[in-house]
1. Which of rounded, prolate, oblate describes region 181-315, given a ≥ b ≥ c as roots of the alpha-carbon gyration tensor eigenvalues and a/c under 1.5 marking rounded, otherwise prolate only if a/b is larger than b/c?
2. Counting alpha carbon pairs within less than 8 Å and at least 6 residues apart, what relative contact order, in whole percent, applies to the chain?
3. Output the Kirkwood hydrodynamic radius of region 1-118, Cα pairs only, in Å rounded to one decimal.
4. Roughly what % antiparallel, to the nearest 5, for the DSSP beta bridges in the chain?
5. Please work out the Cα center distance from region 245-277 to region 310-345, rounded to the nearest Å.
6. Given the whole protein assembly as supplied and a 1.4 Å probe, what does the accessible area of T134 come to in Å², nearest 10?
7. Enumerate the aspartates and glutamates that K297 could reach by cross-link, defined here as Cα to Cα under 17 Å, with residues fewer than 8 away along the same chain left out.
8. Provide the descending list of Cα extents for the chain along its principal axes, expressed in whole angstroms.
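The values are calculated or read from the model by the stated rules, or taken from the named source; none is laboratory data. Predicted, not measured: the structure shown is a model, and the values here were computed from it. Cβ placement follows ideal geometry from the backbone for every residue including glycine, while neighbour counts extend to all protein chains displayed. The accessibility values were calculated without ligands, DNA or RNA, using every heavy atom of the protein model including side chains. Shrake-Rupley method; radii C 1.70, N 1.55, O 1.52, S 1.80 Å.
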Amino acid sequence: MSRCAVDAVTWNNRQAYRLSNAKVELTALLGGGHIADFRLCDSPINVLWESPWPTIEPQTFSSREHAPLYGEGPVGRFLCGYTGHALALGYFGMPSSEEAQQGLPLHGEAANSAWKIVSAVADSDSATLVTEITLPVYRMHFRREIVLPRDAFIACITETVTNLSGDAVEFQWVQHAAFGEPFFATGEATLFLSGTRGVTWPSGYEGHELLAGDIEFQWPYAQSVDGEPVNLSQPFVRDGTGFVAGVLAGTGRECAFAVVHNRRHQLVAGYCFNPLLFPWIVLWEENRAREYAPWNKRTRARGVEFGTSPMPLGLAHAREMRRLFDTPVLSSIPGSSCLQAQYDLFLHPAPPQWTQIEDVRQTEHTLVVQGDGDEEIKLQRGKRLR
């Protein structure tokens, strides 16, 4: 009997599908398409951030009923369903005023819509889930395929964006991923990135900003509002603050990465992706700063969002900016054409002596995580559908 499985499940009162392969399990929500849960089989630790507030299916959001719980307008429409890894597609940040009047949420239509199941199949080789969503305002079709190969510690993800219009379209495409406690915990975990050059968010953090605004830095140290260096590889260093910053993912690399190593739990987890398609890593941290619902001054989350854009300032701003550090800040797709991206989400026990992640690289069939010295973890990558 196959040890791979794909099952319809309920996850925190949400409709979902769970993929498993005897090593890891991944849960994807139908409402908003979020990857909500990724863990070792039989482990209590979800390495992705779990919203501390009860979420709902985002397509059911009603301002009259739900705004007091999740916030008003576009923000509430997104936060009501958000957990783990969301998709920002079309625009990254707030909608335009015209789009907001149409009921569009923060970060685009996809995260606020009901996704459809194309196929959910398991056999002796893999567990595979294929989902899709059509964006009526941006006239795009999006398809995501998640494959868990047998006995592998990797979720191999392929995404395809199709332009349904006859005209070329400029757009933003960002994987709005986040890590949280207990995996990404103070004093226990460190974030490692392939990038080095970064810039801080120019708009503060609602009076609770940790970092000085609109200042370039070299990862991992950025300047605080007090003028002191802050090591951004460490989580939640100052309670009651937050920040946003963009980091160039890795110039000249074939594989960019964002990886968390938890020393206490001896786990390493993260993403590997193509920096030509996704040249930016956006860091966001909420550390018990926001007092209003749904944050309620009790939320700790670290966004590690990789994609086409360095800041969630919206599509109009990206069109005006065009480039940062000589790198595009948005993408484009010709009329009636497709654009495809592939990336890996991985999780594996780490050797107890590891203190660093030196590199992540990939071949066609293997992902290699290099720790201290020459010691490596080699992970099998699965075959993808075409």
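1. Numbers: a/c = 1.60, a/b = 1.18, b/c = 1.36.
Note, shape of region 181-315 comes out oblate.
2. Values: 1062 pairs, mean separation 62.6, N = 386.
Worked out over the chain, it gives 16 percent.
3. Details: mean 1/r = 0.0669 Å⁻¹.
After inverting the mean inverse Cα-Cα distance, the result is 14.9 Å.
4. Working: 122 of 123 bridges.
The answer is about 100 percent antiparallel.
5. Answer, in whole Å: 19.
6. Around 70 Å² of this residue is reachable by solvent.
7. In chain and number order, the partners are E50, E181, E206, E209, D239, E285, E286.
8. So the extents along the principal axes, rounded to whole Å, are 53, 48, 40.
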